[in-house]
1. Just one of 132, 98 is within 15 Å of the ligand (Cβ to nearest atom), closer than 22 Å to residue 53 by Cα and modelled with pLDDT of 95 or more; which is it?
2. Looking at 87, 64, 93, can you tell me which residue is away from the ligand (no atom under 16 Å from the Cβ), over 13 Å from the mean Cα position of the chain (by Cα) and closer than 15 Å to residue 8 by Cα?
3. With the requirement that a residue be more than 18 Å from residue 21 (Cβ to Cβ) and surrounded by fewer than 17 Cβ atoms within 10 Å (Cβ to Cβ), what does segment 102-117 give you?
4. In segment 13-29, which residue that is more than 17 Å from residue 126 (Cα to Cα) and away from the ligand (no atom under 11 Å from the Cβ) is farthest from the chain's Cα centre (by Cα)?
5. Just to be sure, is residue 71 more than 11 Å from the ligand (Cβ to nearest atom) and touching a helix residue (DSSP H, G or I) at 6+ places or on another chain (Cβ under 6 Å)?
6. Can you tell me how many residues within segment 1-39 are in a helix (DSSP H, G or I), at pLDDT below 95 and crowded, with 17+ Cβ neighbours inside 10 Å?
7. Mind listing just one residue for me: the one in segment 30-46 that is in contact (Cβ under 8 Å) with a residue 40 or more places away in the chain and over 14 Å from the mean Cα position of the chain (by Cα) and, of those, farthest from the ligand (Cβ to nearest atom)?
8. Could you please let me know if residue 49 is touching a helix residue (DSSP H, G or I) at 6+ places or on another chain (Cβ under 9 Å) and away from the ligand (no atom under 16 Å from the Cβ)?
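The values are calculated or read from the model by the stated rules, or taken from the named source; none is laboratory data. As the structure is a computational prediction, the values presented were derived from the model and not from experiment. Neighbour counts run over all protein chains shown; Cβ positions are idealised from the backbone, glycine included.
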Ligand code: DQA
């Protein structure tokens, strides 16, 4: 069973980007952690990152067409992309919204997620472990 782990803008910069907020581990470390967790759960994990909204929309359409579960860190798109929300609303399998930090504990503009209402659920604030927890949620939710 296949799962997409989709990451939005600036997440390729993990490790150098605001390490006080996002930690010292790199995107490669995150990808390895997700694939390793997938192996333990019997899931084939496809980890992707883009800074391009159109590319992210294409991946979400692909997931909807293939009934593929998704772990999604929409990054800054979380807070303003109605296009992402509309793409997620088309989903045909569970989708878990994840955040490394806890956006509710940060700046006001991060308090609102325009995608949360169309996700299956949200996991935020556990660092890279947020992804591990989300993959466990997918493993336990998928039929
Ligand atoms: C983030 C939180 C967002 O507010 C921010 O724009 C990001 C990362 C997180 O994982 O904590 O880029 O999604």
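1. Working: 132 fails: closer than 22 Å to residue 53 by Cα.
Step by step, each of 132, 98 is checked, and only 98 is within 15 Å of the ligand (Cβ to nearest atom), closer than 22 Å to residue 53 by Cα and modelled with pLDDT of 95 or more.
2. Details: 64 fails: closer than 15 Å to residue 8 by Cα; 93 fails: closer than 15 Å to residue 8 by Cα.
Sole residue among the options that is away from the ligand (no atom under 16 Å from the Cβ), over 13 Å from the mean Cα position of the chain (by Cα) and closer than 15 Å to residue 8 by Cα: 87.
3. To start, the set of residues in segment 102-117 that are more than 18 Å from residue 21 (Cβ to Cβ) comprises 112, 114-117.
Correct list: 112, 116, 117.
4. Result: 16.
5. Values: more than 11 Å from the ligand (Cβ to nearest atom): yes; touching a helix residue (DSSP H, G or I) at 6+ places or on another chain (Cβ under 6 Å): yes.
Considered against the rule, which asks whether it is more than 11 Å from the ligand (Cβ to nearest atom) and touching a helix residue (DSSP H, G or I) at 6+ places or on another chain (Cβ under 6 Å), residue 71 comes out as yes.
6. 1
7. Step one: of segment 30-46, the residues in contact (Cβ under 8 Å) with a residue 40 or more places away in the chain are 30, 33-34, 37-38, 41-46.
Within this subset, residues satisfying the condition of being over 14 Å from the mean Cα position of the chain (by Cα) are 37-38, 41-44.
Working: 37: 17, 38: 19, 41: 21, 42: 26, 43: 21, 44: 23 Å.
Here the answer is 42.
8. Working: touching a helix residue (DSSP H, G or I) at 6+ places or on another chain (Cβ under 9 Å): yes; away from the ligand (no atom under 16 Å from the Cβ): no.
Here the answer is no, as residue 49 does not meet what is asked.
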